[in-house]
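Data block below; observations after.
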Amino acid sequence: MSILTFHDLGQSFGADDIFVGLGGSIPRQAKIGLVGPNGIGKTTLLRLLAGLHPPTAGSVYRAKGARIGYLQQEAERAFADTANTVYGEMLTVFADLRTQAAALREMEARMATDLSEDLLQRYGSVQQAFELAGGYEYEVRIQQVLTGLGFPPDQHDMPLHHCSGGQKTRALLARLLLERPDLLILDEPTNHLDVQAVEWLEGMLRTWEGALLVVSHDRYFLDQVADMIWEMSRSGIESYRGNYTAYLGQREERWERRDKEFEATQERFLRELDFVKRNIARDSATDQAKGRLRRLVRMVKAVELGGAQILQQDWLRVTEQVDISKQKWTVLETERHIRALQNPNPRHHQIKMSLQTAVRGGNIVLRTKGLGIGYPGTPLFEAEDIELLRQERAALIGANGTGKSTFLRTLLEDAPPMGGEIRLGANIQVGYYAQAHDMLDPDHTVLEELVSHQDMPVAQARSLLARFLFRQDDVFKPVRALSGGERGRLALAILSLHDANLLLMDEPTNHLDIPAQEALEEALLSYPGTVILVSHDRYLVNRLATQIWALDEGRLHVHKGGYASFLAARQLAAEKAKDAAQAEAVAARPRAAAPKAQKEESKALLARTEQRIAELEAALEELSHQLVSATTDQAWDRVRDLDREYKSAQKSLDALLHQWEGLAA
């Protein structure tokens, strides 16, 4: 049974249709990720489903008694009592429990002098209900949720009106998680969270007992929490089973099938038109040919309006609804329309980005020794010695304010290192993408900004800009009027001109919608040069990185391997530290005090180690299969990356086997 369904849903503002004819249903316990390009109406749809606004067309049905929680992108006005503290706002969720607690305390006070059976029975009944409703654990839940979403204890008493916009959004999310609605609707929930908080939220949502509908540009997040993807486009909503990665595979299959359907439809129209051409002038076949021409015109118009797939429906009903009375086409006009049909497949309306190198640099692109990054009086971090080779892709990750952008500026020689050496290799030409896009001139138009970086004919410049979705009058927009996503696309277009062999990318997917992120990702995967990437986009990092440079507590640690092996190594290190602490605690106890407990803890530690060994052996087997496949396909870059991950995993396994030998002994 569905918790929410909607039919023929439409929303208009004045004469502009945001969307029309949307339909779908949300089953109980479903976890749905909603994706689509910017401006398609995702936020508007969420607000209609949450009941914040009535639709201009269609209807929304919610299950009787269903509780819906909605997290909007910005929560400036989400709280009725802004004088409340962060912790006080969380307590409002449990007002009934707090009333019950007060009643229990009152009865306890009375029981000091009155032990009547009636009072004892009422106390037992209230206490049981209080316990079942979580009365003895709600304060612990509040602490867990606030800590998980990045509110340290010293911020719990902060008044809401002193909170920033991001803090208010996190506080609203915390309150919604504590309320446990039957359907949780989240609009970009990771916008104001650091990586640690996002990982905590992923864990929370994976075990969420209600239904979930979430809009997010964070593809890794969607991979972790979604079991269904809704893709929203101008033609409606399409559903895909599985997480984001599963959706990509299914979407490619659908696109290929629809390409074939479109080509077959166009060929069928031309064959039908050929019959009309050969028979329209013959007296015996004129009526038949004219009738087939009228039907063909209806079908062509239907495809112009809804794409080739519209004829997969009841095409007779569809084409009868297409009005051709106002304009009759000749045979030549019909042929012109058939040949001009546009393939509605979304792949034909995406960014087409290519990154090339002008010269081949040396094999060693970057080396550092004893490197320190920061400013006079403000040291930021020290780095393990780095060696980056040609065609490698390093991802620099860490919390905000740890010095990632400063490191890139140091590479650009805009800031000197605080200590040590940093050297670029021979013939290295650097291209830089800044997250603030502060290299763009706000007084230029889009076209002027592009040609200011490389002189070229206007037609060539417009053709390049069209590949980045700046078409027609878009090229005359002033830079200052562009949205964040548009500025990002313009900066990428300019970057594609430079032919650099080392790219420094500072948060390149910020403000980009998912189709633009995918285009950038594919361009970087096929780029023949070297990349240093600063990004919170874990999906991009997971797809691209061959090295991870992790900033933690003033130190840059180099991990030779991809993001998956980095996470495995981090988890292994955490578990080893935990095991070491437990082993130390066991060893510290007097042998005579609890020999049985000590033996049991040692057995448990041994079992966990054996489990991790089995997991790593399975991972190595899978990597081995992938290596064979990549070698067969002659995908040598992939072979190199997989080989590096295999060696990293083997090293971790060797360390575990050594630990196991000691425990077994």
Both in Å, the radius of gyration and Dmax of the C-alpha trace of the stretch 1-55 are 11.8, 37
Any idea what the alpha-carbon Rg over 2.2 N^0.38 Å comes to for the stretch 68-247? 1.27
Give the calculated FRET efficiency between E252 and R638 to the nearest 0.05, with a Förster radius of 22 Å applied to their Cβ-Cβ distance. 0.75
Can you give me the distance in nm between label points at T245 and E384, each placed 7 Å from the Cα along the Cα-to-Cβ direction? 2.4 nm
One finds, for L104 and R28 with R0 = 56 angstrom and r their Cβ-Cβ distance, a FRET efficiency to the nearest 0.05 of 0.95
For the pair K576 and V20, the simple spin-label estimate (label points 7 Å beyond Cα toward Cβ) gives in nm 6.3 nm
Could you sort out which of K369/K603; K42/K260; K42/K64; K260/K477; K290/K352; K31/K651 sit more than 32 Å apart by Cα distance in this structure? K369/K603; K260/K477; K290/K352; K31/K651
FRET efficiency for R423 and L627, Cβ-Cβ distance as r, R0 = 25 Å, nearest 0.05? 0.15
The Cα radius of gyration of the stretch 160-235, divided by 2.2 N^0.38 Å with N its residue count, comes to 1.14
Give me the number: length gained by fully extending D552 to E661, i.e. 0.36 nm times residue separation minus the C-alpha to C-alpha distance, one decimal in nm. 36.1 nm
A chain fully extended from A583 to V126 at 0.36 nm per residue, minus the present Cα-Cα distance, gains in nm 160.1 nm
I want to make sure I understand the PRE zone here: with the label point 7 angstrom from the Cα of N191 toward its beta carbon, which residues in the stretch 504-535 have backbone N atoms less than 15 Å away? 510-514
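How do the peptides 204-212, 162-170, 107-115, 493-501 rank, highest first, by the average count of neighbouring beta carbon atoms within 10 Å per residue?
493-501, 162-170, 204-212, 107-115
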Thinking of the chain as a set of Cα atoms, what percent of all their pairs are more than 32 Å apart? 64 percent
Among 57-70, 556-569, 476-489, how do they line up by average Cβ neighbours within 10 Å per residue, starting with the highest? 556-569, 476-489, 57-70
Report the gain in length on full extension from R336 to S12: 0.36 nm times residue separation, minus Cα-Cα distance, nm rounded to one decimal. 113.3 nm
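Just so you know, all these numbers are worked out from the coordinates, no wet-lab data involved. Since the model is a prediction, treat every value here as computed from it, not as a measurement. No Cβ is skipped: glycine too gets one built from the backbone with ideal geometry, and neighbour counts run over all protein chains shown.
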